[in-house]
Structure formats: structure tokens, C-alpha cells
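Working notes, structure below.
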Amino acid sequence: MPTRVGFVGRQSELSVLDDRLAAARVGHPQVVYLEGEAGAGKSTLLSRFLGSLSEAVVLEVGGDEAETLLTYGVVDQLLPGRSTEPGADPMAVGARLLDLFDQLQAGGQVVVLAIDDLQWADRPSSRAVLFALRRLRADKVLAVVATRSGGLADPSWARFVAGDSRVTHLRLGGLDAGDLTNLASALGLGALSPRGASRLATHTQGNALYCRALLDEIGVVGLSGGDGGLPAPRGLSALILSRVAALSPTTQALLAAASVLGQHAPASMIVSVAQLPDARPDVDAAVGAGLLSEDLVRSELSFTHPLYRTAVYADLSPTTRRGLHARAAELVAGHTRLEHRVAATLGPVEALAAELEASALASRAIGDLPASAWALEQAASLSPAARDRERRLLDATLVHLDAADTSAAARVLASVETSSARRDALTGLLGVFTGSPSAERRLLAAWETHDPNTEREIGARAATSMANWMVICGRPDQALMWAERAVERTLAGSALRAMARTAEAYALAAASRSPEGLAVLGFLPASGSEVPLPELDALIMRGILKVYVDELAGAIADLGVAAARLRTGLPSTYPGPCLSHLSDAHFRRGDWDAAFTYAQLATSTAQDADRPLDLARAHARAAQVLACRGQWGAAQGHVNAARAAAERSPLVVAVAVAAVAGASLAYARGDLVGVLAAVEPVRATGLLGIGGAPGIFNWRAMEADALVGLGRLDDAEIALDEFEAAIPRPGLASAALALARCRGNLAVARGHAAQAEVAFTRGHLIAADVAVPFEQALLSLHDGRRLRAAQSGPAAVDQLEKAHRLFSALGADPYVQACTTELAALQVNAPTAGPAALLGLSRAELAVARLVATGLTNREVASQLYVSVKTVEYHLRNSYMKLDITSRRALAALLR
């Protein structure tokens with residue numbers, strides 16, 4: 001497939017077009033019906049697809065609004081120089097088009113017919129084209145027809161699209177936040193933050209035309225900063241307002257009231273705010289102008305597009321706007337009432353500020369952190385006294401930090417003018433999340449200046465943050481000291497006490513004392529589902545520590561509960577680490593589809609939170625899965641991203657996760673020099689106590705194997721001695737298994753057969769008691785090689801076939817190939833790839849297929865994979881096509 005450099009989004013649609021083109025190339029004619037609203041990017045997508053084609057005959061035409069009455073105007077674009085008589089029968093003209101297709105296919109080439117803006121095609125041309133498409137049977141023709149949503153009224157086309165098996169119906173939705181970030185970059189406008197991209201996507205519903213206009217008019221800085229609403233693009237605003245100006249004053253009043261109440265609202269409420277005695281004519285006028293739509297079932301009126309509402313609202317005078325908000329506040333309750341009251345207020349009002357602060361506390365108590373932060377920021381803006389304003393801003397900062405919204409926290413902190421221990425503590429905590437070198441200095445300042453009698457909470461928070469900072473800096477002893485200080489400053493049973501204990505457990509894990517860390521968290525109920533909601537962070541830490549001590553089932557249980565709570569919107573300080581370690585637990589346990597799903601989710605979460613360390617860790621987990629499955633290009637992309645994130649947060653933990661990613665890729669490719677290069681940055685830190693801790697960062701075995709493979713046996717001996725000394729006590733089974741295998745490989749390289757036998761035997765004994773399929777498979781592969789070289793054919797076959805089965809189940813294709821090669825040398829045939837490659841499915845398709853085969857519905861599969869139902873349907877449809885099946889039962893049978 002041609003590389004689509006500079007094109008953002010629409011990858012699934014492009015994949016569908018490529019698939020349909022492939023079918024057309026082998027004589028299965030296809031029609032892709034591309035539908036989307038104005039400005040959605042239909043023409044851009046079509047142009048991009050056509051520009052990527054090679055060895056195809058392309059016929060590109062388009063309808064024009066000004067030529068809808070020009071009979072056969074579109075057909076004549078296809079038949080240049082052969083003007084069609086206006087009275088010609090569409091069937092006869094359609095037959096001429098079939099002749100044209102025959103001629104163009106004569107050389108064996110595929111013909112691609114692209115018709116843009118079909119809604120504006122003249123009716124005779126539309127009928128002639130449809131006649132020709134219906135009669136394609138074994139032709140190498142792909143037709144791509146683009147039209148505006150709801151713009152094609154011809155019932156013949158509607159029946160064709162709905163009922164013909166050759167038609168694929170694509171509805172072009174809006175661009176998502178990631179697409180908009182790429183769009184800004186492609187336009188040379190700079191880096192659009194995740195927050196800015198999310199605002200733009202929500203405001204425009206991803207409409208490509210509107211997004212492009214706002215990117216040009218506001219820029220990435222304007223989109224990324226502030227919390228206010230975004231304007232409509234100027235050209236669109238002028239068009240909308242000219243339409244509004246043509247309406248009666250009472251209809252304009254109705255629209256003004258509707259804009260104050262939001263995108264949609266009960267019709268009765270809009271009428272009350274507008275103070276209209278009889279609004280029925282005005283509702284009809286607004287609907288007739290295309291500005292409002294009416295939902296008779298819900299008795300609601302809605303703006304037909306969010307940008308229409310924005311344009312009307314922005315055109316209101318400040319006095320009119322405040323008056324309408326004041327009326328609206330009398331008709332609603334709760335948070336919405338506060339929003340209207342704030343919008344209706346001019347100048348500081350302490351009474352309203354106090355009411356907002358009380359609302360913030362109530363929202364926080366039920367876990368609604370966004371509402372709490374909003375109320376506190378509004379309270380600060382309405383505070384007459386500077387002291388109250390600063391306090392409320394710092395309260396809002398803490399809420400943003402608790403919600404893992406570092407960019408919002410930084411924005412609010414920047415508006416705090418008065419220096420204080422609390423400000424330093426929160427600035428330092430923000431620095432811990434972002435990896436800022438100033439974090440330690442600000443936390444020390446908070447600790448040294450806080451009053452132990454009146455500011456115990458500030459001291460406890462500063463000490464807790466310092467403990468976490470020391471861990472990621474690779475200084476676990478100091479981390480324990482600060483954790484002890486944090487515990488001393490807190491009261492038993494308080495939320496801060498749980499936070500301090502969580503930091504203490506993390507510090508113990510960094511000091512290779514994870515079992516003690518788990519003991520510190522002994523105040524939690526044994527079942528993750530019974531852990532109180534406020535102790536979610538402690539639950540996440542317990543799951544992380546279980547990963548470090550090989551309690552993988554328990555880790556998946558704890559982190560799975562935490563991930564489910566995160567998905568419901570429950571706030572946590574550690575959402576990224578939760579998902580990344582859940583990915584790692586699934587990887588070690590052998591469920592690599594789940595591992596990759598959680599790695600992707602962790603990546604998205606870390607990007608949204610703008611936390612470099614979390615982002616490096618998430619990309620490393622994704623790289624680990626992809627590398628072991630032989631998806632080199634995708635794996636390299638994640639390795640690069642992990643390294644880039646680590647450069648933003650150059651702490652030993654970030655360096656170590658990037659090293660694991662790079663080493664995993666190099667090891668899977670057999671690049672032994674690359675393995676050593678990948679781990680060298682960790683060694684250069686000199687902080688191997690945590691950066692090389694087995695169970696946390698598992699790169700030592702790969703390094704030892706690389707040294708053995710390069711013939712650096714003495715260096716390998718030293719590395720293995722370091723590896724063994726680093727294994728926590730009591731022994732970590734997965735690390736002991738890897739160590740035994742590496743010892744065996746070194747003994748083989750030295751020619752010490754007896755020592756190799758002892759080492760591999762020890763490895764198999766350990767492997768029988770620990771469920772880490774990848775390490776078990778590596779042990780059997782390497783032992784099989786040893787046995788084959790020692791002329792122990794039957795024993796070698798047993799080990800190699802065991803390794804082949806394990807690697808195949810994991811989808812570890814490079815290692816499957818290695819087993820196949822070894823078995824071939826023993827005259828044993830085995831498949832050269834795992835199930836995905838053998839079935840011809842992509843990894844995503846196989847992941848969906850496996851879950852569908854268990855009997856899950858599409859919605860249940862989507863829930864497990866954290867994707868939309870549409871995505872599941874897309875992958876399932878592709879799987880059916882590739883496997884030439886039509887039922888879920890047939891899919892299950894094939895997978896069995």
C-alpha cells in the first residue's frame with residue numbers, strides 16, 4: 001500500500017477503499033458509497049485515495065450545484081468530445097458507459113470511477129451511471145461515489161446502496177483529537193496539545209472544513225489555552241448571522257434564548273427565557289431557516305449544528321446575554337443553575353463565590369472532579385479578596401492534579417501570584433508528574449517552610465511527592481525516608497495517610513522489597529472490588545507490586561478492577577501506570593492481545609494527561625508486544641516514541657522503560673549489538689538498583705544473551721553475576737527462570753556440557769511452577785538448540801515442539817520461525833508462523849475474531865478491547881472477507 005505521508009485520519013476508510021480495489025483487480029466489481037456532511041472531508045479523502053493509485057485507469061468527475069439542470073453534464077465529463085443528446089435514454093447512455101469500461105479494461109488494468117458530489121449530478125447522468133453499475137458482473141471496476149449526507153433524493157440509488165452486495169456504504173464521521181493534532185502539524189501550524197485538540201474536536205464535531213478554518217483563525221496556542229468556548233469560523237458566522245438577520249425580531253429572540261440554553265433544550269424553557277406569548281410561528285420560522293430542528297417526542301429544540309449556536313450566542317450584546325442567563329437560572333437547578341448565574345454576573349460577588357466553593361466540595365465528594373475544578377475556578381474569579389482567590393485557585397489546582405490533568409493544573413498554577421508552602425508543594429507535585437528538574441527544589445521548599453502545627457497536610461503532601469520523586473530518580477533509600485516523614489504527618493484513616501502508605505510501598509518496591517511493600521498495603525481488603533473508592537490509588541499500587549513479584553493473576557484482578565473504575569470516570573493519580581502495568585501483567589501471563597489493548601489505552605491516557613514518564617512506559621509496553629510478534633515497523637515507532645518521552649523526563653525510570661522497549665525489538669530481530677546499545681543508557685545512569693531491577697525492568701537476560709551471542713563470554717559472566725545479585729529475596733521465579741536459561745547458554749558457549757545440563761534442568765523445574773509462557777518458550781527453544789547440537793534428537797524435538805506451540809499461541813512469529821528452522825534441521829515440519837499469519841488476518845482482526853468465537857456480542861467485544869462497536873464490525877467484516885465465511889460459527893470453527 002502506498003505511504004500516505006501528510007494525510008491525517010481516515011485510515012480505516014482508506015483501508016476499506018484499498019480492500020475494495022484489491023477485489024476489483026481480480027474481477028469482483030465494487031462500489032463504495034461515501035457519505036458525509038458538508039466539510040467532512042469527502043473530496044479530500046477521495047483525492048488522497050486516487051493520488052495513491054498506480055497501474056489503474058482513473059475516471060474522475062464531479063457534480064456541480066450550478067449544473068444540476070445541465071442534462072448529461074456528468075456523463076459528458078466521462079465521454080469527452082462525445083456530447084450526449086439531452087433527450088437520450090439513460091439506459092442507452094449507460095450502455096455506452098459499459099462499452100467505455102470494456103475498452104479501458106482491455107489491457108487487464110482496473111478501472112476506478114470516482115464521482116464527487118453526486119447530490120448535484122443531473123438526474124439523467126445519475127440514472128445512466130446507475131444503470132451501468134448495476135450491470136457489472138466480472139468487470140475490474142471500482143466505483144467510488146461521494147455524496148452529502150441526506151443530499152441524494154433519488155430512490156433508485158437508495159435501493160441500490162441498501163440492497164446490492166457489491167456496495168460498501170461508508171459514512172464519513174468527524175476527525176478525532178489525534179487526527180487534529182496531526183492536521184495542525186501537517187499544516188505547519190505547530191504542536192496542538194491534546195487538550196486543544198479535544199476542544200476543537202468537540203466544538204466542531206470533527207468537521208474537517210470547520211477545524212481547518214479555526215486552526216487558521218485561532219492557531220494552536222489559542223486552541224490550547226483557556227477554558228472559554230470557541231468561536232465559529234468567521235465565514236460561517238457571517239453566513240449564519242445573515243440568515244438570522246432575515247428573520248423577525250421575535251424569531252431572533254427565540255434563537256437568542258436557545259443559544260443561551262445550549263445546543264438543545266426543552267422548547268417550553270426556550271420560550272420562557274425568550275418571553276414569547278406565542279412562539280409557534282417563530283419555531284416554524286427557525287426550523288424553516290435550517291437553524292433549529294424539532295424533536296416532537298422529547299419536546300426539544302436543537303441547533304442543527306453546534307457552530308450555528310456559537311455564532312448566534314457570540315453575536316449577543318453582553319447586557320442581553322447576562323439578562324437571558326439570569327432568566328435561565330430561574331428555570332433550572334443544580335450545577336446548570338450555577339453556570340447561568342455565573343454567566344449573568346458582572347464583577348466579584350463573595351456570596352456566589354462561596355456557593356460555588358460549596359458546590360465544588362459536593363462535586364468532589366461524589367468524584368465529579370471536572371465539575372469541582374470548574375466551580376473552584378469560577379469561585380476564584382468572583383472572589384473580592386485576594387487571599388480567597390489564591391486559596392480557591394490552589395484548591396482547583398489540586399483537583400486538576402487528582403484528576404491527572406497536568407496541563408489544567410499548570411494553567412491554574414500560573415495565575416497564582418502569592419508564594420507559599422502550599423503553592424510550592426503543588427508545583428513540586430506537578431513537576432513529579434512532568435519530570436521537571438525543579439520538582440525537588442520546590443518540594444524541599446514546601447517542606448522547609450510549612451508550619452508543622454497548622455499545615456500538617458501541606459507537609460504530608462510534600463513528603464509524599466518527594467518520596468515518589470526519589471523513586472523515579474533512582475534513590476529508593478531517600479524515598480523511604482520521605483515516605484516515613486509523610487506517614488508521620490498524617491492521621492490514621494485519612495486519605496493522605498493512604499497516599500503516604502502507597503508512596504512507602506512504591507519506595508520499598510524500588511528498593512527490591514516488594515513483599516514488604518505489599519504488607520504496607522495490608523489495610524486494603526483482599527478483593528479489589530471491595531476496596532473503597534477513595535483508595536483507588538492504593539489498589540493500583542498493590543496491583544503494580546504484584547506484577548513485580550510474579551503474582552500475575554492477582555495483579556490482573558486488582559488492576560482490572562482499577563481500570564474498570566477509571567473507565568467510569570473515577571479519578572486517580574496513577575491512571576497511566578495502572579494501564580501500563582496491566583498491559584505488562586497480561587504480556588507476562590501470555591495474553592498479548594489484551595496486553596496490546598491496554599498499552600494503547602495507556603498511551604492515550606498518558607497523552608491526554610501530558611505525563612512524559614507515563615507516556616514512555618505506555619509506548620514501551622506496546623513496543624514489547626509488537627516486537628515479539630515481528631511487527632518491526634510499528635514496534636520501532638513505539639520505541640522511538642518511548643525514547644522521545646524519556647528525553648522529556650530524563651529520569652532513570654523513564655530511561656529504563658525506553659531501554660526495555662529498544663532491547664525487546666533488537667532481541668526479537670536478532671540484533672545483538674542493538675540490544676547492548678539499547679541498555680547502555682541505563683548502565684550510564686549508574687542507578688541500576690532500580691533501573692536494572694528484575695521484575696520491574698527485565699532487560700538483564702537480553703543483555704546476557706547478546707553478550708554470549710557476540711562471544712563476549714567473560715562480560716556475560718559478569719553480567720549474569722550482577723543479574724543474580726539483583727534478583728530480590730525471596731527469589732523471583734520469572735527472573736530465576738531467565739537466569740537459569742542464560743547460565744545454560746553461557747555454559748554451552750564455553751563448552752561445559754554438564755553445567756549446561758544442570759542449568760537447563762533447573763530452568764525447567766522453575767518453569768513448571770510459574771506461568772510465564774514467553775520465558776518458558778525461550779527456555780525450551782534454547783534447550784532444544786543445545787540438545788540438537790548434542791545429537792539428542794528426540795529430546796530436542798520435544799523441547800522445540802513445546803516452544804513452537806507456546807510461541808504460536810502468543811503470536812510470536814519471529815520465534816515461531818526460529819523453532820521451525822531448528823525443527824527442519826531435525827527433519828520435522830512445522831508451520832512457519834502463528835495463527836494470525838496463517839489465517840491472513842491482521843492482529844486487530846484476530847483479536848476481535850478470538851473474542852467473537854467465544855460467543856461474545858460485538859458490543860461485549862468492543863467493551864473488552866476498549867474500542868467502538870463500529871471498529872469491531874469493521875474488523876469482523878474484514879475477517880469474514882479474508883476467510884471467505886459468512887457466520888460467527890464458521891469463524892469459531894476456523895479458529896479451533
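In this simple spin-label model, placing a label point 7 Å from the Cα along the Cα-to-Cβ direction at both E217 and R567 gives a separation of 3.9 nm. Looking at the chain, the accessible area is 42 square angstrom per residue; that uses a 1.4 Å probe and ignores ligands, DNA and RNA. For the range 428-530, the gyration tensor built on C-alpha atoms gives an oblate shape. Its axis ratio a/c (a ≥ b ≥ c) is at least 1.5, and a/b is not larger than b/c.
Relative to its Kirkwood radius, the Cα radius of gyration of the chain gives an Rg/Rh of 1.02. Label-to-label distance for A95 and T319 is 7.5 nm, based on points extended 7 Å past Cα in the beta-carbon direction. Less than 5 angstrom separates the built amide H of E300 from those of A267, D295, all sequence-distant by 5 or more or on a different chain. Counting only residues at least eight positions apart within a chain, or on another chain, the aspartates and glutamates with an alpha carbon under 13 Å from that of K42 are E13, D116, D117. Fully extending the segment from Q755 to E448 would add 104.8 nm, taking 0.36 nm per residue of separation and subtracting the current Cα-Cα distance. On the basis of the beta-carbon distance and an R0 of 30 Å, R877 and T202 show a calculated FRET efficiency of 0.55. Computed over neighbours whose Cβ is under 15 Å from that of A385, the net charge equals -2, Lys and Arg +1, Asp and Glu -1. Taking the 1.4 Å solvent-accessible surface of the chain as the whole, the part contributed by carbon and sulfur is 54%.
Computed per residue of the chain from DSSP H runs no shorter than four, each worth -39500 (n - 2.57), the mean residue ellipticity at 222 nm is -21000 deg cm²/dmol. As a length-normalised measure over Cα pairs under 8 Å and 6 or more apart, the relative contact order of the chain settles at 5 percent.
Amide H to amide H, with H built 1.01 Å from N, A114 comes under 5 Å of L59, E60, V61, V144, counting only residues 5 or more places away or on other chains. Computed from the C-beta positions of S293 and S381 and an R0 of 60 Å, the FRET efficiency is 0.95 to the nearest 0.05. Applying 0.36 nm per residue to the separation of E484 and S149 and subtracting their alpha-carbon distance, the gain on full extension is 114.3 nm.
Translational diffusion of the range 676-819 was estimated from the Stokes-Einstein equation, with Rh taken as the Kirkwood radius over Cα pairs; at 20 °C and 1.002 mPa s the coefficient is 138 µm²/s.
FRET efficiency for the A354 to D769 pair, using the beta carbon distance and R₀ = 60 Å, is estimated at 0.45.
The range 793-860 and the range 585-619 have Cα centres spaced 24 Å apart. Report the paramagnetic label zone for A38: residues of the range 111-153 whose backbone N is under 20 Å from a point 7 Å from Cα along the Cα-to-Cβ axis. What the label zone holds, given the 20 Å backbone N cut-off, is 116-123, 146-153.
The values are calculated or read from the model by the stated rules, or taken from the named source; none is laboratory data. Fair warning: this is a prediction, and the values are worked out from it, not measured in the lab. Ideal geometry is used to build each Cβ from the backbone, glycine not excepted, and the neighbour counts take in all protein chains shown. Side chains included, ligands, DNA and RNA excluded: accessible areas come from the protein's heavy atoms. Shrake-Rupley method; radii C 1.70, N 1.55, O 1.52, S 1.80 Å.
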